[in-house]
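The values are calculated or read from the model by the stated rules, or taken from the named source; none is laboratory data. A quick note: this is a predicted structure, and the numbers were derived from the prediction, not measured. Backbone-built Cβ (ideal geometry, glycine too); neighbour counts: all protein chains shown. Heavy atoms of the whole protein, side chains included, go into the accessibility calculation; ligands, DNA and RNA do not. Shrake-Rupley method; radii C 1.70, N 1.55, O 1.52, S 1.80 Å.
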Amino acid sequence: MGSSASAPPSPPPPNPELNEPWRKFDWGKKEELKEKLENFSPSHPDVKDIKILVAGQIGAGKSSFINSVDSAFLGRISSRAIVNSADGFDHSFTQNLKGFTIRSRGKKLPFIFKDIMGLEAKVLKGSQVEDIISVVFGHVKDGYNFNKDQPLTREDPHYISDPSLSDQSFCLVYVIDTTTVQFTDDQLIDKLKIIRQRISDKGIPQVVVMTKVDEACPVIKKNLKKVYTSKKIKEKMELCSAKVGVPLCNIFPVKNYHNEIDTDDDIDVLILKALEQIVQLADDRLEETDS
């Protein structure tokens, strides 16, 4: 009797990388980006600081993104925006509206990040959506304590009835966890779509910052510079664009500072490139307003 035929060899696993980066990116432009942002000034004479609202899902890294921007300019790890590092938290650690200036080489830069309570899918009422929209349009003073059960009312001392241009936010940044894009709750997506529609009617641009790219893709965990050759990250970004409705050109994959004790040029340049687009979009919208 002849021996049985051996099983054919298993095909090699698919290559997780593209042959060429799908988005052009210059990793050597960190200092150029920093200098450009340091020299930025708002296009409107009545506005000294452009407000940028940072919103997103709980645990995605809203506050960490603000800290990472600060770190990229300071050249050291910053933790001014308090973050929650505990496992399993299911509610927002940020409870009050607070503005964060960014500093570089001893001066404050002319843009301010507004940190807001994280979106909770299980909160079925519209309080979070209405509060975010109110912050964008400048109706909310810093220090306001977010209430899941009721949005800000006109009777509240933190309500601004006639906001100036300086009170308003001219770009909304959604921070979304790359590892959970596929499983993001439909209720949360619905909230983002409502917010997007309401502020888009007023011409407010939106940008998505996708965090934790190193956790979403082992190729990037080994080498951050492969972020734009990673098939998985490209798919995640395309899925995010389809779900949230923000065009792909306004979606930026980043890695926030988390366990590092020193800054890193590759992390910084991804953060700074996202910030450059955010600031440009915000200023373009500000320029369109009446003097």
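Quick notes on this structure:
- Screening the candidates D49, D87 for the property of being modelled with pLDDT under 95 and within 25 Å of E130 (Cα to Cα) yields one hit, D49.
- Those residues of the stretch 134-175 which are in contact (Cβ under 8 Å) with a residue 60 or more places away in the chain and β-branched (V, I, T), in sequence order: V135, V136, V173, V175
- The set of residues in the stretch 276-291 that are open to solvent by less than 40 Å² (accessible area, probe 1.4 Å) and part of a loop (DSSP other than H, G, I, E, B) contains only T289.
- Taken over the stretch 266-291, residues that are farther than 22 Å from V54 by Cα and within 19 Å of the chain's Cα centre (by Cα) amount to 1.
- Residue identified as open to solvent by 40 Å² or more (accessible area, probe 1.4 Å) and modelled with pLDDT of 90 or more among E155, E130: E155
- Taken across the stretch 243-260, residues that are at positive phi and of a type in the set (G, A, S) do occur, with at least one present.
- Scanning the stretch 192-226 for residues that are without any contact (Cβ under 8 Å) to a residue 60 or more places away in the chain and touching a strand residue (DSSP E or B) at 6+ places or on another chain (Cβ under 8 Å) turns up R196, S200, Q206, V208, M210, V213, I220.
- Restricting attention to the stretch 28-47, the residues being surrounded by 13 or more Cβ atoms within 10 Å (Cβ to Cβ) and in a loop (DSSP other than H, G, I, E, B) number 6.
- Some residue of the stretch 267-283 being in contact with a strand residue (DSSP E or B) (Cβ under 7 Å, 6 or more places away or on another chain) and farther than 26 Å from S63 by Cβ: no
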